[in-house]
Amino acid sequence: MHAEALGADPTTIASLMIGSELLDYAGQKFQTPVEMSQLWSKLGPRRPATEDWWNNWGSQITYRITLG
């Protein structure tokens, strides 16, 4: 976006943005299962109470995994 503001060709910028999104998706394909496994292992052998389930698994999987 900064490059476009400086006068770069919008078509080229759009192409690069799409390419970067595809590259990000390709990396997530391998990262996401590892993160899901880590989240699952933290839950323990039994499903926790509904609120804990949503806070520690459901919301992370439904929206986006963000391990910090």
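The values are calculated or read from the model by the stated rules, or taken from the named source; none is laboratory data. In this text, all values refer to a predicted model and were calculated from it rather than measured experimentally. All Cβ positions, even for glycine, are placed from backbone atoms using ideal geometry, and neighbour counts span all protein chains on display. Heavy atoms of the whole protein, side chains included, go into the accessibility calculation; ligands, DNA and RNA do not. Shrake-Rupley method; radii C 1.70, N 1.55, O 1.52, S 1.80 Å.
Structural remarks
- Annotation note: trypsin sites (Lys or Arg not before Pro) in the range 1-58 located in DSSP loop regions with a Cβ neighbour count of at most 10 within 10 Å are 46.
- For the chain: accessible area per residue (Å², 1.4 Å): 84
- The Stokes-Einstein estimate for the chain, based on a Kirkwood radius over Cα pairs and taken at 20 °C with 1.002 mPa s viscosity, is a diffusion coefficient of 145 µm²/s.
- Only helices enter the 222 nm calculation for the chain: every DSSP H run of n ≥ 4 contributes -39,500 (n - 2.57), and dividing by all residues gives -20500 deg cm²/dmol, rounded to 500.
- Degrees separating the helix 10-43 axis from the principal Cα axis of the chain, which is the longest one: 10
- Chymotrypsin sites (Phe, Trp or Tyr not before Pro) lying in DSSP loop within the range 1-65, provided at most 15 other Cβ fall within 10 Å: 63
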